[in-house]
């Protein structure tokens, strides 16, 4: 298991990538299920729960990553991406605004990218040598 205190960006990139796979797979599973169950066009409850699981894991990863990063602009970038993901998922659950389904890919891919960038360039090493990309 990945220790979030030591590798929050790896966890964040993994969680965001799994979230992306979940988002891409949902329409296909919906179509497959609707072909099997006539007039019951709903996804299993455990599949819907994954949205909240990914939000929780992503929150922890963003929180920890922003504590350990050495580049100031990455902090708001991670939080903005997470905030966008949170708003889109909550909007989808509450059906407040008609936002296109594909919109969720923007913050998800942004989180993956920012976590990978942060993992590669912006963390202090074990001997406290930090990158100087300020």
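The values are calculated or read from the model by the stated rules, or taken from the named source; none is laboratory data. These numbers were taken from a predicted model, which means no experiment stands behind them. Every residue, glycine among them, receives a Cβ derived from its backbone with ideal geometry; neighbour counts consider all protein chains shown.
Restricting to the range 93-108, name every residue that is without any contact (Cβ under 8 Å) to a residue 24 or more places away in the chain and surrounded by 13 or more Cβ atoms within 10 Å (Cβ to Cβ). Before you say what the answer is, go through the steps one by one.
Of all residues in the range 93-108, those without any contact (Cβ under 8 Å) to a residue 24 or more places away in the chain come to 94-100, 102-103, 106.
Those that are without any contact (Cβ under 8 Å) to a residue 24 or more places away in the chain and surrounded by 13 or more Cβ atoms within 10 Å (Cβ to Cβ): 99, 103, 106.
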- Message: Against the definition (under 19 Å from residue 54 (Cα atoms), surrounded by 13 or more Cβ atoms within 10 Å (Cβ to Cβ) and at pLDDT 90 or above), how does residue 111 come out, yes or no?
- Response: no
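Does any residue of the range 76-83 turn out to be in contact (Cβ under 8 Å) with a residue 40 or more places away in the chain and under 15 Å from residue 9 (Cβ atoms)? Talk me through it step by step, then tell me what you get.
Going through the range 76-83, the residues in contact (Cβ under 8 Å) with a residue 40 or more places away in the chain turn out to be 78.
Now drop any that are not under 15 Å from residue 9 (Cβ atoms), which leaves 78.
Within the range 76-83, one or more residues are in contact (Cβ under 8 Å) with a residue 40 or more places away in the chain and under 15 Å from residue 9 (Cβ atoms).
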- Message: Among the residues in the range 70-78, are any surrounded by fewer than 17 Cβ atoms within 10 Å (Cβ to Cβ), in a helix (DSSP H, G or I), modelled with pLDDT of 90 or more and in contact with a helix residue (DSSP H, G or I) (Cβ under 8 Å, 6 or more places away or on another chain)?
- Response: no
